Amino acid sequence: MHNLNPAQAEAVSHTSGPLLVIAGAGSGKTRVITRKVAFLIKKRGLPARAILALTFTNKAAREMKSRVGELVRGRAARGLRVSTFHTFGLNLLRRELKHAGLRPGFSLFDPQDGEALLKDRLAEASLTEIAPAAALARISHWKNDLIPPEAAANAAEDDFDAALAALYRDYERSLRAYNAVDFDDLILRPVALLREQAAVREAWQARIGHLLVDEYQDTNSAQYELIRLLVGELGAFTMVGDDDQSIYAWRGARPQNLARLQEDYPTLKVIMLEQNYRSSGRILKLANALIAHNPHLFDKRLWSALGPGEPVRLLSCRDEAHEAERVVAEILHGHFAEQHAFGDYAILYRGNHQARVFEQALRTHRIPYFLSGGQSFFARSEVKDVMAYLRLLTNPDDDAAFLRVVNRPGRGIGSTTLEALGGFAGAQHLSLLRACAAAGLGGPVKDPQRAELRAFSHWLEELRGRSRTEPIASARALLKDCDYHGWLYQQSSSRAQGEKRMQNVDDLVAWLDALHKGERSEGNLRDAGLDDLTARLSLLDVLERQEEDAGGDRVHLMTLHAAKGLEFERVFLVGMEEDLLPHRASIEADDQGLSGIEEERRLCYVGITRARRALCLTLARQRRRYGETIICEPSRFLAELPEGELRRDNDPNAAADSRQRGRAHLDALKSMLGGN
Ligand code: ATP
Ligand code: MG
């Protein structure tokens, strides 16, 4: 209980019933969760395996796990489950395979797989005016709101809606046929299972002695339902959240879930935390002033005992290049003149596209940086190939994976053959891979191609047998047998590109190996099969992309969404302009009566409250976008900040500018020479 204020201590020791901690940024909500896990084990004698703590990102889960690890050591911590909602859902489905109506080795479809699946259907249904991604987003919304295809069809108001609902039905059918689930299913299917099967539900409720959820404000309807089913009537849970940081409405998050909890659990205790331990006074004052412009479910006040701290600054820049240059000059100055570590700095922006100029400027000055998000490792073509091979290896019903790899490397299987194979497979109710080996294929498919398809399926069949005992060796053998590296090299436009792509493939296999040995994941995966390892890798991707590699003394670059829950000594919140923050799409949504601006204001609040000691806002007066120069207007949020609290530095006249640049170059030179 040391270093907890009375309200925090109360939240930690309240274990007799349901608890909601609702509090502003930096007030120690996450600290309450980690301390409470330790408290439950050490003081309440709960076995670690009876505790389940859920968060939204893998990074947050890892962080929480390591913090708990410092408080509870060794055997006492064994079996403790700290994970994301999605990983938990995956684990539950694996354990309840049969009850969930899945066969072993089921595949996990990522959004690209889903889009590919929808693409053909959209064409068939002549729904050409809607993009696959948009259709998938619509389906995802239905799923997150727990609306099944039939209900979606019944609620359709016009032909277009009805066509989309039919598409949703087909999409679900295909997933079932492929023995596959998508990311939304990782929540949805456990919910359906626990709802329908009382015995399974009771077993899980008995297993979970206490459930803790961080960032509770971002739960959607499906996640809310999952929580409800897991905790049962007793409601032994601790939810912590901040309605002012709800930033996933577009993904179906329902901040009303905070209020709903009070209705569903009459004995709910609500604790507010009001002291902020993160940010100095001036930063907090700004954050409070900004968020006061939003309507509130709960009234909160936040104060800090850390003193006023450094003034918050606003840099007005000519254009985006100038903005990046000034930010980098500030970082160089802070690093060399004031001994701040590079890792103390974060550059936060609204959209990934804003990162490019900053990356370039940082590179020019040889400042180490780490970019979260960006082009995903797993979106790369070669990585997708290998993932598809692995999926096909573990799940012969995965048609999407089959189509991806059957000609990579080339096997002379053209579209006519694939069409014939598809027709045959459909008529026989077989998956494409199974159809390759079936008797009777000879009719529709010509001899040489049939031999190729047979060989392909036999080869995978053999490897599948081996993968059960030697998952990693079989993955390596697969790539070697088909000379995937050689093919990749041939396909590349340059030697350097070829090497880079081969490296990506090797990294992927090494990652798989590390996962298998339990070097980088929760729990022991030594007994896990290739299917489990592959699913985990896909899951890592969408939720965190390359976060795994963060570390070292580097400037952090990330979107405001990715920054949630994190803190940095010194923060640059860049692009404080209309159309960027608030985002154009949200301004338009607002014009249609949706509360888009409020969500943008919360995002801005999240950004401001990441800073511990220093905060600097920047904006550009013009920017190049889509090849045009656009005059930018300062963000409306700037006008909502108390005027006296912002130190404006909007006189980037030539002289001052070149002085600053001169210094930056000098410093960069010093850093290259290794001295300071
Ligand atoms: P966010 O809303 O951004 O997720 P949070 O409410 O989860 O923030 P934490 O990250 O738990 O806040 O805490 C913010 C900072 O304050 C952390 O550095 C934490 O270690 C520190 N802190 C929290 N409580 C205390 C305390 N009682 N004494 C000292 N430091 C504290
Ligand atoms: Mg937190």
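Can you find a residue in region 202-209 that is surrounded by fewer than 21 Cβ atoms within 10 Å (Cβ to Cβ) and touching a strand residue (DSSP E or B) at 6+ places or on another chain (Cβ under 7 Å)? Yes. With respect to the conditions (1) buried (at least 22 other Cβ atoms within 10 Å of the Cβ); (2) small (Gly, Ala, Ser); (3) more than 16 Å from ligand 1 (Cβ to nearest atom), SER246 falls short on a single one, namely (3).
Beta carbons closer than 8 Å, at least 6 apart along the sequence or on distinct chains, pair a first residue in region 574-594 that is closer than 17 Å to ILE608 by Cα with a second that is of a type in the set (Val, Ile, Thr) and part of a strand (DSSP E or B) for VAL574/ILE347; VAL574/THR618; GLY575/THR618; MET576/THR618. Take ALA477 and tell me if it is closer than 27 Å to LEU175 by Cβ and either touching a Ser or Thr at 6+ places or on another chain (Cβ under 7 Å) or at pLDDT 85 or above (or both). No; evaluated as a whole, the condition is false for this residue. Close contacts from region 42-57, counting a first residue that is in a strand (DSSP E or B) and a second that is of a type in the set (Lys, Arg), with Cβ to Cβ under 6 Å and a gap of 6+ residues or different chains, come to LEU52/ARG81. Close contacts from region 231-247, counting a first residue that is within 16 Å of ligand 2 (Cβ to nearest atom) and a second that is among the acidic types (Asp, Glu), with Cβ to Cβ under 7 Å and a gap of 6+ residues or different chains, come to VAL240/ASP214; GLY241/GLU215; SER246/ASP218; ILE247/GLU599.
Look at region 209-221: where a residue is in contact (Cβ under 8 Å) with a residue 24 or more places away in the chain and a partner is in a strand (DSSP E or B) and within 11 Å of ligand 1 (Cβ to nearest atom), sitting 6+ places away or on another chain with Cβ atoms under 7 Å, you get ASP214/THR55; ASP214/VAL240; GLU215/THR55; GLU215/GLY241; TYR216/VAL240; TYR216/GLY241; GLN217/GLY241. Considered as a group, the residues in region 11-27 that are part of a loop (DSSP other than H, G, I, E, B) and farther than 23 Å from GLU569 by Cβ include one that is nearest to ligand 1 (Cβ to nearest atom), and that residue is HIS14. All of (1) within 16 Å of ligand 1 (Cβ to nearest atom); (2) part of a helix (DSSP H, G or I); (3) in contact with a strand residue (DSSP E or B) (Cβ under 7 Å, 6 or more places away or on another chain) hold for PHE88 with one exception: (1). Restricted to region 583-637, and to residues there that are assigned to a loop (DSSP other than H, G, I, E, B) and of a type in the set (Lys, Arg), the residue that is farthest from ligand 1 (Cβ to nearest atom) is ARG621. Residue selection: ARG201 satisfies the criterion of being away from ligand 1 (no atom under 16 Å from the Cβ), under 30 Å from ASN179 (Cβ atoms), modelled with pLDDT of 95 or more and of a type in the set (D, E, K, R). The combined condition, being farther than 17 Å from ALA614 by Cα and within 26 Å of the chain's Cα centre (by Cα), is not fulfilled by LEU297.
One line per residue, one yes/no per condition, for (1) surrounded by fewer than 17 Cβ atoms within 10 Å (Cβ to Cβ); (2) free of Cβ contacts under 8 Å to residues at least 40 places away in the same chain:
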| site | (1), (2) |
| --- | --- |
| ARG450 | no, yes |
| LEU453 | no, no |
| TRP459 | yes, yes |
| GLU470 | yes, yes |
| ASP506 | yes, yes |
| LEU512 | no, no |
| LYS517 | yes, yes |
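For region 252-286, a residue qualifies if it is within 16 Å of ligand 2 (Cβ to nearest atom) and either closer than 18 Å to GLU645 by Cβ or modelled with pLDDT of 85 or more (or both), and the qualifying residues are ILE271, MET272, LEU273, GLU274, GLN275, ASN276, TYR277, ARG278, SER279, LEU284. Taking the criterion of being among the aliphatic types (A, V, I, L, M), within 15 Å of ALA163 (Cα to Cα) and either crowded, with 20+ Cβ neighbours inside 10 Å or in contact (Cβ under 8 Å) with a residue 60 or more places away in the chain (or both), the residues of region 129-147 that qualify are ALA135, LEU136, ILE139.
Per-residue answers, yes or no, for (1) within 16 Å of ligand 1 (Cβ to nearest atom); (2) modelled with pLDDT of 95 or more:
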| position | (1), (2) |
| --- | --- |
| LYS29 | yes, yes |
| ARG49 | no, no |
| ARG62 | yes, no |
| ARG67 | yes, no |
| LEU108 | no, no |
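Note on region 117-145: residues that are assigned to a loop (DSSP other than H, G, I, E, B) and either of a type in the set (Val, Ile, Thr) or within 30 Å of PHE402 (Cα to Cα) (or both) amount to 7. Within region 1-14, residues that are free of Cβ contacts under 8 Å to residues at least 60 places away in the same chain have Cβ atoms under 6 Å from residues that are among the aromatic types (Phe, Trp, Tyr) and outside any loop (DSSP other than H, G, I, E, B) in these pairs: VAL12/PHE39, counting only partners at least 6 apart in sequence or on another chain.
The values are calculated or read from the model by the stated rules, or taken from the named source; none is laboratory data. Note that the structure is predicted; figures quoted are calculated from it, not measured. Glycine also receives a Cβ, built like all others from the backbone with ideal geometry; neighbour counts cover every protein chain displayed.
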